[in-house]
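The values are calculated or read from the model by the stated rules, or taken from the named source; none is laboratory data. Model, not experiment: these values are computed from the prediction. Backbone-built Cβ (ideal geometry, glycine too); neighbour counts: all protein chains shown.
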Amino acid sequence: MTRLTPARFAGLASVLFVAGLVLLRASAGPPTLARGLNPQWHLDIDKAMDVIGLAPGMVVGEAGAGDGYFTIPMARRVGPTGLVFANDISTRALRSLEERATREGLANIRTVVGDVDDPLFPQRDLQLVVVVHAFHDFSHPVEWLVNLKGYLRPGATVAIIDRDPAQGAESHFWSRERVERHAGEAGYELSKAADDVSSHLILVFRPKAR
């Protein structure tokens, strides 16, 4: 029988301690993913809102709002004199967003259940509509953009913000060329582009003049 000397005991304790740390980290998942801080997904939201021209008092819409990743900061930016219509096809996500807005004391968010080819916004005077981390999942992007025009006031813009394949995003994200092609087919023209915000692509469109 091997005698457990103080030196052996210390060595064994060290091994068990390290093994415990490895198991703890493995059970928690990758640190960045477990905390939602994967740098490839992180967007500097304040800077993105500056790029798209979001300002206090605006009446805006968001499509694919989910549980409010971009909606909540937008609502804070437009303030109590502004309004955000948060659209999604998932009622579960919108319920989560409503609960979050209530917890954070934001009364300027209205949720809207949309269709895959129509956002169904309740107003037709929106100054800006934003799509963040979602446009690449749209099954009817051209039809959706065509129907979106009916909810925009003259001079309104549409901002599509997503991860950029040209900057390392996975292949299922759409290239700038593809997004511009869909927008062009729907009758929009590009008014602004930026690719220097958190490795994301920001494209701002306006409906073409008839």
Item to check | Matching residues in segment 172-194 - criterion: being in contact with a Pro (Cβ under 7 Å, 6 or more places away or on another chain) and either surrounded by 17 or more Cβ atoms within 10 Å (Cβ to Cβ) or touching a residue at least 60 places away in the same chain (Cβ under 8 Å) (or both) | outcome: F173, H182, Y188
Checklist outcome for this item: Going through segment 175-194 in order, the residues found to be out of contact with any Phe, Trp or Tyr (no Cβ under 7 Å at 6 or more places or on another chain) and not in a helix (DSSP H, G or I) are S175, A186, G187, K192, A193, A194
Item to check | Members of segment 90-103 found to be among the hydrophobic types (A, V, I, L, M, F, W, C) and over 15 Å from the mean Cα position of the chain (by Cα), listed by number | outcome: A101
Checklist entry - Checking S171 against (1) more than 19 Å from G64 (Cβ to Cβ); (2) part of a loop (DSSP other than H, G, I, E, B); (3) at pLDDT 95 or above, which test does it fail? => result (3)
Checklist entry - What residue, among those in segment 52-80 that are closer than 23 Å to E170 by Cβ and surrounded by fewer than 22 Cβ atoms within 10 Å (Cβ to Cβ), is nearest to the chain's Cα centre (by Cα)? => result Y69
Checklist entry - How about segment 68-163: which strands (runs of 3 or more DSSP E) wholly inside it have at least 2 residues that are in contact (Cβ under 8 Å) with a residue 12 or more places away in the chain and among the small types (G, A, S)? => result 152-163
Checklist outcome for this item: Within segment 195-208, the count of residues that are crowded, with 17+ Cβ neighbours inside 10 Å and assigned to a strand (DSSP E or B) comes to 9
